[in-house]
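*Asks:* Dropping a structure here in structure tokens format, bear with me for questions.
Values in this text are rule-based calculations from the coordinates and carry no lab data. Note that the structure is predicted; figures quoted are calculated from it, not measured. Here the Cβ positions follow ideal geometry from the backbone for every residue, glycine too, while neighbour counts run over all protein chains shown.
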Amino acid sequence: MKCPKDGTSLARVDVGAIVIDKCHQCDGIWLDYGELKQLRSSGQQGIEEELEVRYGNPETNEGEVEGYMRCPACEDVGLISHHVSYYKPVKIDQCPSCHGMWLEDRELDALMEDKKEMEEELNSPGVIEFLRRLVRQLR
């Protein structure tokens, strides 16, 4: 598969039991459908830093990309950008056909932090007390 941003061949890298595709040129990451959910369920933080330590940044030959970004799996389908984060300004590029997604450098870590912050807020004493009061009022 080729990087949708710069055309470099994507490398298969392990993140626990999940194998993802990484561009060593721009540090972007391709996630197949469902892989983001698996990664977020693991709760693992600092994934991108870990990948840099483990795999480094080997020299690559930059490819070519003409026009818009295309899905590396479907090849001919254009990626659609949209915001997916509650707390962070993260915009992903997703394939409307296979539902895989392209994450720019540091966006995966931002999404992992976003999930952690959301869970912390939902489990905060203020939110829990608010929900208790709401339940009492509804009775």
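*Asks:* Find which of Val13, Cys98, Gly126 sits farthest along the positive direction of the dipole of region 11-138, computed with +1 on the beta-carbon of Lys and Arg, -1 on that of Asp and Glu, about the Cα centre.
*Replies:* Gly126
*Asks:* How tilted is helix 125-138 with respect to the longest principal axis of the chain? Cα atoms for both, answer in degrees (0 to 90, nearest 10).
*Replies:* Once rounded, the angle reads 60 degrees.
*Asks:* On the principal axes of its Cα set, how long, how wide and how thick is the chain? Give whole Å, largest value first.
*Replies:* 63, 32, 24
*Asks:* What range in the chain is the longest one free of chymotrypsin sites (Phe, Trp or Tyr not before Pro) that are in a loop by DSSP and have at most 12 other Cβ atoms within 10 angstrom?
*Replies:* The reported range is 1-67.
*Asks:* Round to the nearest 10 and give me the degree value, 0 to 90, for the angle of helix 107-122's Cα axis relative to the longest principal axis of the chain.
*Replies:* 10 degrees
*Asks:* Give me the dipole magnitude in Debye, nearest 20, for the chain about the Cα centre, with unit charges on the beta carbon: positive for Lys and Arg, negative for Asp and Glu.
*Replies:* Using Cβ point charges on Lys, Arg, Asp and Glu, the chain gives about 1040 debye.
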